[in-house]
Amino acid sequence: MSIVKVYNVIGIMSGTSMDGIDCSYIKTDGVNFVSIINENSYKYSQNYRNKLKKIIKYLNNIKSLKEKQRIKKFENIVTNKFIQVIKKFIKDYNIKHSSIDYIGLSGQTVLHDPKNKKTIQLGSCKKIQKKLQIKIVGNFRENDIKNGGQGSPIGAFYHQYILNNYSSPAAIINLGGIANICYSHKKELIAYDLGPANVLIDDLMYYFYKKNYDKNGNKAINGKLDKKLIDFYKKDNFFKLNYPKSLDREYFKKYFNQLKKLKNNNAIHTASMMTIVCIDLGLKLIKKKINELIITGGGRKNLFLIKVLKKQCKNKGINIVLIDNLNFNGDLLEAQAFAYLAVRSVRKLPLSLPTTTGVKKPTLGGILYK
Ligand SMILES: Nc1ncnc2c1ncn2[C@@H]1O[C@H](COP(=O)(O)OP(=O)(O)O)[C@@H](O)[C@H]1O
Ligand SMILES: [Mg+2]
């Protein structure tokens, strides 16, 4: 019997919410062993967040690929931020360099255009590796896209690892900037994006209140639903698409332009109900019985969202469980996922499947920088 090696890996994640960089130091074999050692989120300053927003706006307004390739000039800003945060994490937890086998780094997504098979994550693994002198596994999505996948959602195998604890059919919904779902039962693994979870709410909070998010859902609770707008939203073509499917932060921008015309809290309430709608419509696509729905990501702290979701799911016979009740920190799950994926990459195990990203066959991913 061969003994499978367990690696010490730091996973680094910065999602579409652009709220900060999450770091998780774990021991894992990339299959069925994970032990979390240290983890923390490092929040972005408002200044840095505004810089990222400007980069995204710029990239989404330019049409030609040639111009998009000029993004390199922005990349240094993001690369330096990663270096700064990783150094701080290592120092804060006194992690020895010799006790880090790899860093798994997702990069900062600034553009995701599945229709044209393009996705851009900023952050140069090569430069980070050179500066820190630690092996980096990055570019997790590139090979998937080359093989006909959408490059997203890429963390499904980690979610499956968690779902393996359940004998009855269960799914994980990640309420990040964008919501995605991962269903796993008896070897079957399905994952796809559902729609915006927090991006619309966050953008409206900034528009009306110069705040980054609706803390605990307090504004949504005090608003009223705009029935006409939500009925219009339900008819969006994205919801009609079958899985696999993924989504760009900008796709739902048109609704932001409608929502901002409403009264402040009514806009935030309606945007929050849009999140509920995309979960409801997304669940219908699965056409499978789900007993447990596990919620992770920052949106699980939005008490309004969770209250409405619990009520709706109760009627469908689905039990809502917050990931924290399974002893995982829901703010750091995706960082853990990239550490786990780094080991899968090194061990030449697939990262994506036809039923997760739409790739033609089980596909390896990630590039090792050493
Ligand atoms: N206390 C809270 N109340 C309501 N929403 C919250 C709270 N904390 C975080 N969030 C939401 O979660 C988002 C961050 O979630 P996260 O899982 O980090 O997403 P991403 O992976 O896109 O970065 C924030 O932008 C915010 O919308
Ligand atoms: Mg985040």
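The values are calculated or read from the model by the stated rules, or taken from the named source; none is laboratory data. Quick caveat: nothing in here was measured; it's all calculated off a predicted structure. Quick reminder, even Gly has a Cβ in these numbers, built from the backbone with ideal geometry, and neighbours come from all protein chains shown.
Quick notes
- When residues of the range 46-93 are limited to those that are of a type in the set (S, T, Y) and either at pLDDT below 95 or out of contact with any strand residue (DSSP E or B) (no Cβ under 7 Å at 6 or more places or on another chain) (or both), the one surrounded by the fewest Cβ atoms within 10 Å (Cβ to Cβ): S64
- Considering (1) out of contact with any strand residue (DSSP E or B) (no Cβ under 6 Å at 6 or more places or on another chain); (2) under 22 Å from I173 (Cα atoms); (3) surrounded by 15 or more Cβ atoms within 10 Å (Cβ to Cβ), the lone condition that F338 does not fulfil carries the number (1).
- Hey, K284 of a type in the set (D, E, K, R), closer than 23 Å to H185 by Cα and touching a residue at least 24 places away in the same chain (Cβ under 8 Å) or not: no
- Selection over the range 22-33 of residues that are more than 9 Å from ligand 1 (Cβ to nearest atom) and buried (at least 22 other Cβ atoms within 10 Å of the Cβ) gives a count of 6.
- Among the residues of the range 263-320, those identified as among the small types (G, A, S) and on the phi > 0 side of the Ramachandran plot are G297, G317.
- When N8 is tested against the conditions (1) crowded, with 19+ Cβ neighbours inside 10 Å; (2) out of contact with any Asp or Glu (no Cβ under 8 Å at 6 or more places or on another chain); (3) touching a residue at least 40 places away in the same chain (Cβ under 8 Å); (4) within 23 Å of I90 (Cβ to Cβ), the lone failure is (2).
- Some residue of the range 60-67 being in contact (Cβ under 8 Å) with a residue 40 or more places away in the chain, of a type outside the set (S, T, N, Q) and in contact with a helix residue (DSSP H, G or I) (Cβ under 8 Å, 6 or more places away or on another chain): no
- Set G217, G223: member being in contact with a His (Cβ under 6 Å, 6 or more places away or on another chain), at pLDDT 95 or above, not assigned by TED's automatic domain parsing to the domain that holds K54 and not β-branched (V, I, T): G223
- Boolean, V31 is in contact with a strand residue (DSSP E or B) (Cβ under 8 Å, 6 or more places away or on another chain), aliphatic (A, V, I, L, M) and within 29 Å of P350 (Cα to Cα): no
- Test: residue in the range 194-206 that is within 16 Å of ligand 2 (Cβ to nearest atom) and over 16 Å from T275 (Cα atoms): yes
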